[in-house]
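**Student:** Here's a structure for you.
The values are calculated or read from the model by the stated rules, or taken from the named source; none is laboratory data. Remember, it's a predicted structure, so these values are computed and weren't measured experimentally. Methodologically, a virtual Cβ is constructed for each residue, glycine included, from the backbone with ideal geometry; neighbour enumeration extends over all protein chains shown.
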């Protein structure tokens, strides 16, 4: 649901940045705020600690570049592929992420549109036109931004680790800018609706970056000393916190009273509160693949598949070792040869006496066929865990050999399992995204003033992506079956009156909604009524013309009939007397 700001007149001066309220706080208030933030960070860190072993396993065996390790800094490398000897699970993860991108937020096709909760208003031509134009503007802003690149990273994070987080911020050049955060760098907590409402990002900034962004007067004394000594490239741990504001006041432009409170501070310091600002909307989108009601972190296919990947790695190691032993086996020789030169190189000769021995210590044995079959079985399980078959099918959905019914049936069968994931991503990722995008476009003056009927109305988001339509495929199938059943009954009985049970206009409207037809393509009920009235008028005019022509023809025939003799006309006139 769009939390519409229609008619609110919200304006933000991005250049002067009036939302930083830090300068009004006293030293005691700053100290209390730092203490509160660090306490929040400590609690969230403890709650997250139980998940970290699972994430480290996923990073070791599936997605080594998607996780921030505790001992890894921006300038410290890591042997990321050391524990991966079979890339099939990594490929399944990449394909699934690409499938989510293509199935939910495909840059090449419209995947959302705006409408209203009032169906009567939505059918009015001028309102429909404004909604369509606004939707196109928002799509254009997304294309101009870096959203689609960051969305691909978000899906990979969500699939492998079960949770992902993307931050949306105003940008002077691109209007809005997105940043997908690396797992292990942030902490989250939920609100009363089960959505993420607390976000703490842990990052390293250099002394130079801190001073350039926040000013020398706001950093702690230790950072000032490093700056004065020229140690400007040293890293300083920083926390960015966004959380609901307990002092929220509706309509307030004071950051202390906005819906969400945003702070930057140096980690673990009694000084160094760098910034205090506010947000009208929560700027973080944090979808979870699958979760229970007691924990803010989700479980993704990667956490499920990592055990199989470990087994796969072990099999590959064993197979590799067996191959190496068969090519270069350990050798056994008599003690007489201890001081003699020996070689196992190709074409080399080792000279021995008759009683001397020089032979392999043992012959390794490996069931190649059985091992290969076991490897294939684990790879197949991983592909199923990652829904690879579904996403590959979606990528080939335009295959001309498949009928629309076949596409719907195949999608519907698989969406029984993937459906909850699609709904979760719509609720926790795409709906908040469109809220933020609409708010940004409105504040920037990119959206025209709405029609008066929409003032103070909430807008409704329609998801029209491939996966969203697949969710609706069941409704399409039922509608097809119902209309087909009526047609069969009419054919068998020879009586088409059975179609009196069908409201054709409602069926056409419903069908268009289910398959995501553009609102501009469909005529409104008023336009349909006008078209039918014109058609009826033309039919009546045609009938009148036909009647006039028949009358004129009859008159002409009558005028050409002879009055002489005894014929039907003279008898009619004379009453039968001649």
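**Student:** Since residue 108 meets every condition but one in (1) at pLDDT below 95; (2) under 17 Å from the mean Cα position of the chain (by Cα); (3) surrounded by 14 or more Cβ atoms within 10 Å (Cβ to Cβ), which condition does it not meet?
**Tutor:** (3)
**Student:** Being over 23 Å from residue 92 (Cβ atoms) and in contact with a strand residue (DSSP E or B) (Cβ under 8 Å, 6 or more places away or on another chain) narrows it down to one residue among 48, 69, 43; which is it?
**Tutor:** 48
**Student:** Please verify whether residue 189 is part of a strand (DSSP E or B) and either closer than 30 Å to residue 102 by Cβ or outside the structural domain of residue 45 (by TED's automatic domain parsing) (or both), treating the condition exactly as stated.
**Tutor:** Taking the combined requirement at face value, the residue does not satisfy it.
**Student:** Follow-up question, since we're still on this one. For region 277-300, what are the residues that are farther than 27 Å from residue 58 by Cα and in contact with a strand residue (DSSP E or B) (Cβ under 7 Å, 6 or more places away or on another chain)?
**Tutor:** The answer is 277, 278, 279, 282, 283.
Residue by residue, here is whether (1) buried (at least 19 other Cβ atoms within 10 Å of the Cβ); (2) without any contact (Cβ under 8 Å) to a residue 40 or more places away in the chain holds:
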{"position": "197", "(1), (2)": "yes, no"}
{"position": "205", "(1), (2)": "yes, yes"}
{"position": "210", "(1), (2)": "yes, no"}
{"position": "230", "(1), (2)": "no, yes"}
{"position": "248", "(1), (2)": "no, yes"}
{"position": "262", "(1), (2)": "yes, yes"}
{"position": "267", "(1), (2)": "no, no"}
{"position": "270", "(1), (2)": "no, no"}
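**Student:** Oh, and also: Over 35 Å from the mean Cα position of the chain (by Cα) and assigned by TED's automatic domain parsing to the domain that holds residue 260: is that true of residue 272 in this structure?
**Tutor:** So residue 272 passes the test.
**Student:** What number of residues within region 121-148 are farther than 18 Å from residue 436 by Cα and out of contact with any strand residue (DSSP E or B) (no Cβ under 8 Å at 6 or more places or on another chain)?
**Tutor:** Matching residues across region 121-148 total 8.
**Student:** Looking only at region 85-105, filter to residues that are more than 17 Å from residue 463 (Cα to Cα) and without any contact (Cβ under 8 Å) to a residue 60 or more places away in the chain; which one of those is surrounded by the most Cβ atoms within 10 Å (Cβ to Cβ)?
**Tutor:** Among them, the one singled out is 90.
**Student:** Something else about it: For residue 181, state whether it is assigned by TED's automatic domain parsing to the domain that holds residue 55 and more than 30 Å from residue 36 (Cβ to Cβ).
**Tutor:** Taking the combined requirement at face value, the residue does not satisfy it.
**Student:** Picking from 312, 325, which residue would you name as being within 30 Å of residue 366 (Cα to Cα) and modelled with pLDDT under 80?
**Tutor:** 325
**Student:** Can you tell me which residues in region 123-146 are in a helix (DSSP H, G or I) and without any contact (Cβ under 8 Å) to a residue 40 or more places away in the chain?
**Tutor:** 135, 136, 139, 140, 143, 144
**Student:** Those residues that are touching a residue at least 24 places away in the same chain (Cβ under 8 Å) and either surrounded by fewer than 18 Cβ atoms within 10 Å (Cβ to Cβ) or out of contact with any strand residue (DSSP E or B) (no Cβ under 9 Å at 6 or more places or on another chain) (or both), I need them from region 157-178; list them, please.
**Tutor:** Listed by number, the residues that qualify are 159, 169, 170, 171, 172, 174, 175, 177.
**Student:** Looking at region 411-439 only, could you name the residues that are modelled with pLDDT of 80 or more and more than 14 Å from the chain's Cα centre (by Cα)?
**Tutor:** 435, 436, 437, 438, 439
**Student:** Could we say that residue 243 is surrounded by 13 or more Cβ atoms within 10 Å (Cβ to Cβ) and within 20 Å of residue 210 (Cα to Cα) here?
**Tutor:** In short, no.
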